[in-house]
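The values are calculated or read from the model by the stated rules, or taken from the named source; none is laboratory data. These numbers come from a predicted model, not from an experiment. Heads up, the Cβs are rebuilt from the backbone with ideal geometry, glycines too, and the neighbour counts pull from every protein chain shown. Accessible surface areas use protein heavy atoms only, side chains included; no ligands, DNA or RNA. Shrake-Rupley method; radii C 1.70, N 1.55, O 1.52, S 1.80 Å.
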Amino acid sequence: MAFDASLTNQLLIAMPGMLDPNFSTTVTLICEHNDEGALGIVINRPLTLKLGGLFEQLDVHDADPAIAELPVLMGGPVGPERGFVLHDPGGHFENSLAVSSDICLTLSRDIIDAMASGTGPRRSLVALGYAGWEPGQLEDEMLANSWLNVPATPDIVFDTPFSERWASAAKTLGIDISQISQDAGHA
């Protein structure tokens, strides 16, 4: 695949007719997309689990109470036991990937420890699990009109309320997603 065809740093907006309950009304940030497939994190599915509960599971003590109250997200159906942190740049963490100049993805424990102590990134999301696509699978889903895509912005990823992210992401295209028919088709 040509690099310019990559969907890295794009938000995938599930079309209203999306039948897979894992992705119905979701917004997914594509963190990596290349010849080996794609990896994304769903950014609008908060779990009942708070970071404080995750800190307890990881045996992290004396966590910043404000940080401990933040929700953990369901990042996707693959590897739900694995943690992923989307965050703004800054800090040096063991296993980080720059999604863009404004958004990083870190998979190492050191960022959780930094967040618990209040020295983590200024803006972040913690997710359990991820969305994964085999080579060519995401391209096929795009051709089947399963997703809309828009460039990711830190505002939608970090600041927009979870319940508004699906509609807000579509609105960047000038689309009221609630007005789109659930029956996808081709002209």
**Item:** Protein accessible area in the chain, 1.4 Å probe - carbon and sulfur %
**Value:** 52
**Request:** Could you do me a favour and compute the accessible area per residue for the stretch 26-65, 1.4 Å probe, result in Å²?
**Result:** 48
**Value at 222 nm in deg cm²/dmol, rounded to 500, when DSSP H runs of n ≥ 4 in the chain each add -39,500 (n - 2.57)** = -4500 deg cm²/dmol
**Message:** Let me make sure I get this right: for the stretch 45-93, a, b and c are the square roots of the gyration tensor eigenvalues over alpha carbons, sorted descending. Under 1.5 in a/c it's rounded, otherwise prolate if a/b > b/c, else oblate. Which is it?
**Reply:** oblate
**Item:** Summed side-chain charge close to residue 159 - residues other than residue 159 whose Cβ falls under 15 Å, Lys, Arg +1, Asp, Glu -1
**Value:** 0
**Message:** How charged is the neighbourhood of residue 109? Take every other residue with its Cβ under 14 Å from the Cβ of residue 109, and add Lys/Arg as +1 and Asp/Glu as -1.
**Reply:** -4
**Prompt:** Hey, got the Cα dimensions of the chain along the principal axes, in Å, largest first?
**Reply:** 58, 33, 26
**Per-residue HN-Hα couplings for the stretch 132-146 [Karplus 6.51, -1.76, 1.60; θ = phi - 60°; Hz; x = Gly/Pro]** = x, 10, 6, x, x, 5, 5, 4, 5, 5, 5, 5, 8, 6, 7
**Fill in**
In the neighbourhood of residue 150 defined by beta carbon distances under 13 Å, the net charge of the other residues (Lys, Arg +1; Asp, Glu -1) is +1
**Asked** What residues qualify as long-range amide H neighbours of residue 120, i.e. H under 5 Å apart, gap of 5 or more or another chain, H built at 1.01 Å from N?
**Response** 115
**Asked** Solvent-accessible area per residue for the stretch 71-187 at a 1.4 Å probe radius, Å²?
**Response** 51
